[in-house]
Amino acid sequence: MQSNHLSRHAQQVHTVAHGQAGGAGSDPSIARSWLRCLEDYHLDPSVIAAPVVLEHGRLLESRERLRQVLKIADTEMTSLHQQLSGAGHAVLLTDARGVILNCVTAPSERRIFERAGLWLGADWSEAREGTNGIGTCLVERQALTIHQNEHFRGRHTGLTCSASPVFDPHGELLAVLDVSSARPDVSRQSQFHTMALVNLSAKMIESCYFLRHFEQQWLLRFHLQAESVGLFSEGLLAFDGDGRICAANQSALNLLGTIRGGVLGKPLEMFFACNHDELFSRAMPNGSAAWPLYTRDGRQVFASLRGQARAPVWAVPAGLPQPQARAQAMPSVCLLDPALQSGFHRAVRVFERDVPLLLSGETGCGKEAFAQAVHQASQRCGKPFVAVNCASIPESLIESELFGYRGGSFTGARKEGMRGKLLQADGGTLLLDEIGDMPLALQTRLLRVLEERQVVPIGGGPQAVDVRIVSATHRDLLERVQQGTFREDLYYRLNGLEVALPAVRERSDKSQLLDFLLRQEAQGQVIEIEPSARQALLDFAWPGNVRQMRNVLRTLVALCDNSYIGLADLPAVVRAAGASVGADLPRECVGSGNKLDIAGPFAGQARSHNGCLDHAECQALLCVLEANRWHMTRVAEHLGISRNTLYRKLRKHGIARGV
């Protein structure tokens, strides 16, 4: 039966390749590939042969050469596999020779794809395996789908493969991203959706690689729409200090209507209607908000210019100052971590369609900064961004804070009344931080506002409101729904897209985040960090996340002498991050018996039930207490908790200030 199938397939290949008939290979690219396989590679479509697999050492060398690409692609591949509902798909990344370097698939299906020849280290170039998604994509240099009988070898006709090329900043093939399915019921029409997702993910990998490759260069990012600057479809031009272009991505070439050879080495002034000084005056270390720029042929684009990037940070400007916001603009947000960057792109896209965002993550991981960056990247960037912490406002006041009130509507009310946060954010964005702590009665009113787009202030009448909602929480809202403390209908109304922000200890850009926050706190002062001190800062778990890291760096900058931070300048708990005694506990968490002695400048002591119950939380408390000179209100504010919760945690760990 198998031999008959192979014979029929081989006959069809010979017939179509020599132009005698149509059929499965009637697509021009398939026919060209079949002809190459027969005449250039001298392959036999009926031969059953095992794939050529690189030995382990050579595979490791190949992976090392593309280490940065693999790191960028890992998150995208996992996300792509999830979007395809997982079952029956393998997401593959190969190098420019067609050798498989990474594979994401369900563990239960790994053997199925290995039997099909999709091994790590397997060579799927066209010269080895004939017409297939990976190999033919490499030759044709374009996205394509090879469906079942379109494969050259008869043994591969059970596969359907959709592949897209990944190019480096110089237009050379860098890798191939491929999705393969071994399911027999896959139709070619069903692959249109798959192909679109594969192509999108490949472009995301390309864009991230370009940004990282030119971290130390000037970089112009531009698009026809302001909201698309910062997204994968933007044009990217890297150039030197003289304004001469050294690299361009395909989107930039398309937007400028030229080819790669027509821009490399040329000055930017050849393509944009502005002089050298005017353009460079727009530059900011971490980019800037998009501004109008005209091409030489009179077309308007929107551009952002990154210059003098001393550290590898991909950042998005946060919201502009509003009357109800702080007196100065909020800081930018570091998004070099691939998971964060992917989440940001997705968040901006759905936010523009008025889809509510739900941000989840540990306390202090930067949910408000992330929300503000989404707002600034949207078309509402010039409108108000208003944040309200549902956990910090007393339950008796949260209704008036959110909805406002009419003057004289209750005892103690202002004579002129007050516009609530919802009306303050009219036309813009409202961040409901710690939404999980909102009282049930207020949840009902909020749901009504979201459904009716009207606000009813206390003692007043209904008023129309146009606001987009971003919610944030460190709690498990579904668990609170099950407990009956959070409305299920409100949960599904707020959770249009959930973005989980990683803790600092999980971020791949911890080093860049450290540099980013240090530059902000230094405010132009050049601060040098001793290598051992830097390593200690990177090794520390940062249980208080970005908030804790920023606070420690602010203290270090304020106290450092001669613009130099040494290991001895760090808080004791940070210095001891890499040290361990007994069961890998920090020195500060080791004492005699049940007593926990806090060494160094903390001058306090703590007791735990078992030596060191939760040393990560203990470290966070001690670090913030020291940095804030044991001022409990400021400590609670930095940790994002109430004073009552703070005191409860101090009692839990037995922490008391020394005399």
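Remarks
- Take the conditions (1) in contact (Cβ under 8 Å) with a residue 24 or more places away in the chain; (2) closer than 26 Å to Val13 by Cβ; (3) touching a Ser or Thr at 6+ places or on another chain (Cβ under 7 Å); Arg153 misses just one of them, which is (3).
- Screening the range 445-483 for residues that are in a loop (DSSP other than H, G, I, E, B) and either farther than 28 Å from Gly366 by Cα or not assigned by TED's automatic domain parsing to the domain that holds Val374 (or both) and picking the one that is modelled with the highest pLDDT gives Arg453.
- If the condition is being acidic (Asp, Glu) and over 39 Å from the mean Cα position of the chain (by Cα), then the range 27-41 contributes Glu39, Asp40.
- Identity of the residue in the range 292-309, closer than 22 Å to Cys334 by Cβ and either polar (S, T, N, Q) or surrounded by fewer than 16 Cβ atoms within 10 Å (Cβ to Cβ) (or both), that ends up modelled with the lowest pLDDT: Gln308
- Residues in the range 27-72 that are touching a strand residue (DSSP E or B) at 6+ places or on another chain (Cβ under 8 Å) and assigned to a helix (DSSP H, G or I): 8 in all.
- Scanning the range 519-548 for residues that are at positive phi and of a type in the set (Gly, Ala, Ser) yields a single hit, Gly524.
- Just so you know, in the range 388-399 the residues that are touching a Leu at 6+ places or on another chain (Cβ under 8 Å) and either crowded, with 22+ Cβ neighbours inside 10 Å or β-branched (Val, Ile, Thr) (or both) include one that is modelled with the lowest pLDDT, and it is Ile398.
- Selection status of Gly171, in contact with a helix residue (DSSP H, G or I) (Cβ under 7 Å, 6 or more places away or on another chain), assigned to a loop (DSSP other than H, G, I, E, B) and not assigned by TED's automatic domain parsing to the domain that holds Thr295: yes
- Yes/no for Leu336 being crowded, with 22+ Cβ neighbours inside 10 Å, at pLDDT below 90, part of a loop (DSSP other than H, G, I, E, B) and of a type in the set (A, V, I, L, M, F, W, C): yes
- A single member of Ala577, Ala572 is modelled with pLDDT under 90 and more than 16 Å from Arg505 (Cβ to Cβ), and it is Ala572.
- Condition check for Leu255: modelled with pLDDT of 90 or more, closer than 23 Å to His345 by Cβ and in a strand (DSSP E or B): no
- Taking the criterion of being among the hydrophobic types (A, V, I, L, M, F, W, C) and either crowded, with 16+ Cβ neighbours inside 10 Å or in contact with a helix residue (DSSP H, G or I) (Cβ under 6 Å, 6 or more places away or on another chain) (or both), the residues of the range 480-502 that qualify are Val481, Phe486, Leu490, Leu494, Leu497, Val499, Leu501.
- Failed condition for Val198, given (1) part of a loop (DSSP other than H, G, I, E, B); (2) at pLDDT 85 or above; (3) of a type outside the set (D, E, K, R): (1)
- A residue that is of a type in the set (D, E, K, R), over 22 Å from Glu506 (Cβ atoms) and at pLDDT below 90 occurs somewhere in the range 613-631.
- Residues located in the range 204-241, provided they are among the basic types (Lys, Arg) and buried (at least 19 other Cβ atoms within 10 Å of the Cβ): Arg221
The values are calculated or read from the model by the stated rules, or taken from the named source; none is laboratory data. Computed from a predicted model, the values in this text were never measured in an experiment. Ideal geometry is used to build each Cβ from the backbone, glycine not excepted, and the neighbour counts take in all protein chains shown.
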